[in-house]
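Data block below; observations after.
The values are calculated or read from the model by the stated rules, or taken from the named source; none is laboratory data. Predicted, not measured: the structure shown is a model, and the values here were computed from it. Virtual Cβ from ideal backbone geometry, glycine too; neighbours counted across all protein chains shown. All accessible areas refer to the heavy atoms of the entire protein, side chains included, with ligands and DNA or RNA removed. Shrake-Rupley method; radii C 1.70, N 1.55, O 1.52, S 1.80 Å.
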Amino acid sequence: DTGVTQSPTHLIKTRGQQVTLRCSPISGHKSVSWYQQVLGQGPQFIFQYYEKEERGRGNFPDRFSARQFPNYSSELNVNALLLGDSALYLCASSSGLPRGTGELFFGEGSRLTVL
Amino acid sequence: AQTVTQSQPEMSVQEAETVTLSCTYDTSESNYYLFWYKQPPSRQMILVIRQEAYKQQNATENRFSVNFQKAAKSFSLKISDSQLGDTAMYFCALTESNYQLIWGAGTKLIIKP
């Protein structure tokens, strides 16, 4: 089985630019979540989508947006990049939304560097 | 607000030894879920073990086990017979529902040969 795939794996942007990160969940998984992991810290929750609807949003500015497509893949967009947006962006998929009984499957992440 | 605290930034043990990683948390909910995730240098986050708060029995997965103390809001991970492949960052995480995980800062575990 193919796991969670993310692209690109690495990218470098300059301040003020915009970036789009992509995620394909495990086949059959309908829920995708995005996390930001700054170097040396634990991940921070950004968004969760289930059945193409936003089901949760973390404490991130409106410069961050996301969407989920009919095939359950997802994109994370970040506008007006700041140096502080430099991080590893993790995508995770799960089969549904029972109360935390299932497992989150993570991709390898997209490493974003903002110069 | 939910919080997760890992007080050990780094630990180092010899191969085959037993090591315990600490985690404390805070939540106002009576039912929640706790997890330990492993992030090797390759970066992919992998679930090690999970515990449901309403279950009193401590979870066990092969060499990995937890000591869940609900009243003390403590959730430690014990790794027995440690192996070189256990070298990684270990994160403790909490969710009250819907997989919106709250994470600790992580503990870097180094297994020495």
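Worth pointing out:
- By the compact-protein rule of thumb, 2.2 N^0.38 Å, the alpha-carbon radius of gyration of the protein assembly as shown corresponds to a ratio of 1.01.
- Loop GluC sites (Glu not before Pro), the stretch B:1-65 (other Cβ atoms within 10 Å of the site Cβ: 16 or fewer; DSSP): B:E15, B:E17, B:E29
- Under the criterion of Cα pairs below 8 Å and six or more residues apart, the relative contact order for chain B equals 37 percent.
- Projected over all directions and averaged, the alpha-carbon convex hull of the stretch B:3-112 occupies 6.4 nm².
- Chain A: proportion of alpha-carbon pairs further apart than 18 angstrom, %: 45
- Per-residue average of Cβ from other chains inside 10 Å of B:100-107: 5
- Loop-exposed trypsin sites (Lys or Arg not before Pro) per DSSP, neighbour cap 14 Cβ within 10 angstrom, longest uninterrupted part of chain A: A:16-51
- Portion, in percent, of the accessible area of the stretch A:21-103 that falls on carbon or sulfur, probe 1.4 Å: 47
- Subset of A:K52/B:K55; B:K38/B:K70; B:K70/B:K112 violating a 31 Å alpha-carbon distance limit: A:K52/B:K55; B:K70/B:K112
- Short to long, the 5 Å bins of the Cα pair-distance histogram for the stretch B:1-40 hold 5, 13, 25, 23, 15, 10, 6, 3 percent of all pairs.
- Relative contact order for chain A: 37 percent, from Cα pairs under 8 Å spaced at least 6 residues apart, divided by residue count.
- Note on B:S12 and A:K13: their simple-model spin labels are 3.8 nm apart, each label 7 Å out from Cα toward Cβ.
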